[in-house]
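Participant: The structure follows.
The values are calculated or read from the model by the stated rules, or taken from the named source; none is laboratory data. Keep in mind that this is a model prediction, so the values were computed, not measured. With ideal geometry, Cβ positions are generated from the backbone for all residues, glycine too; neighbour counts draw on all protein chains shown.
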Amino acid sequence: MTQLVRVQNFNVSRDGIGAGEDQTLERPFGHVDPGRLFAWAGATASWPMRTEPGGSRGLDDYLTRDYDRNIGAEIMGRNKFGPYRGPWEDHEWNGWWGDRPPFRTPVFVMTHHPRESLTLADTTFHFVAGDPATVLDLAKEAAAGKDVRLGGGVTTIRQFLDADLVDTLHVTVSPVDLGHGLRLWDSPSDLLDRFHLDVVPSPSGVTHHLFWRR
C-alpha cells in the first residue's frame, strides 16, 4: 500500500489566511481568533475535545472523523508546538498540547534547534533539523506503512508544497476575510497545476476543498 502525505482539516479564511501574526504563548494563532476558522469542526459530534453529548452529523462530521484515519506519524513546524524561537530555554514546558496530546503517533517537529525527544502519554515528539524530504523520510519510517499527516502550520505546509511532497490536501475555507496574516494561497487555483480539486460546500457555511495529485 502506498504511503501518502496528507494535509487534513487545515483551516483558512476566504482570503487564504491560516494563522495570524504576533504569535505568543497566550495566542497560538497570533492576532486571529481561531474560533472564526475552527467553529465548524467544534460543532460536530466527532470533535475530539467535545465534553457534552450532541453535535452535528453530516459532511463536517465525516471529515472530522477522517482526521485520524490510517495516520502513522505527524510532521509539524516548531511554532505549532510552541511560540518560542531560537535555542530552547525552557525544557520543562512541554508545548500547547497538555499531558495527553491528541496525536497518539510519533510527531516530528521541524526546528533549527534539535533537542531530546519528549514523550507525553502515547505521543512522542521528535525535534529534528533538516529539509522537508529528510524529515519526511524519518516520519515515513516511523509510520510503519501508514500515512503521514502534515499538520502545519502554514509555513511548513508551504515548504512541503514547494518541495512537491504532498499527495492530498483537505482545506476548509471559512466565510470570513482576515486581511493579513500567514497565507496558504492567494487562490485555491494556485495548486491546480499539480492537483485535481473538488469543492464541496457545507450547510455550516464552510467550503471543503479536496485536492489530490494529478
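Participant: Within the stretch 178-194, can you find the residues that are touching a strand residue (DSSP E or B) at 6+ places or on another chain (Cβ under 6 Å) and either surrounded by fewer than 18 Cβ atoms within 10 Å (Cβ to Cβ) or of a type in the set (S, T, N, Q) (or both)?
Facilitator: Once the filter is applied, which keeps residues that are touching a strand residue (DSSP E or B) at 6+ places or on another chain (Cβ under 6 Å) and either surrounded by fewer than 18 Cβ atoms within 10 Å (Cβ to Cβ) or of a type in the set (S, T, N, Q) (or both), the stretch 178-194 yields only Arg183.
Participant: May I pose another question? Any idea which of Leu165, Leu178 is touching a residue at least 24 places away in the same chain (Cβ under 8 Å), in a loop (DSSP other than H, G, I, E, B), in contact with a Ser or Thr (Cβ under 6 Å, 6 or more places away or on another chain) and not β-branched (Val, Ile, Thr)?
Facilitator: Leu178 is the lone residue from the list that is touching a residue at least 24 places away in the same chain (Cβ under 8 Å), in a loop (DSSP other than H, G, I, E, B), in contact with a Ser or Thr (Cβ under 6 Å, 6 or more places away or on another chain) and not β-branched (Val, Ile, Thr).
Participant: Which of (1) within 17 Å of the chain's Cα centre (by Cα); (2) surrounded by fewer than 16 Cβ atoms within 10 Å (Cβ to Cβ) is the odd one out, the single condition Glu26 does not satisfy?
Facilitator: (1)
Participant: Would you be able to say whether some residue in the stretch 135-156 is free of Cβ contacts under 8 Å to residues at least 24 places away in the same chain and within 19 Å of the chain's Cα centre (by Cα)?
Facilitator: Yes, because at least one residue in the stretch 135-156 is free of Cβ contacts under 8 Å to residues at least 24 places away in the same chain and within 19 Å of the chain's Cα centre (by Cα).
Participant: Taking the stretch 137-160 only, how many residues are basic (Lys, Arg) and assigned to a helix (DSSP H, G or I)?
Facilitator: 2
Participant: Taking into account only those residues within the stretch 37-68 that are of a type in the set (Lys, Arg) and over 16 Å from the mean Cα position of the chain (by Cα), which is modelled with the lowest pLDDT?
Facilitator: Top of the filtered list is Arg50.
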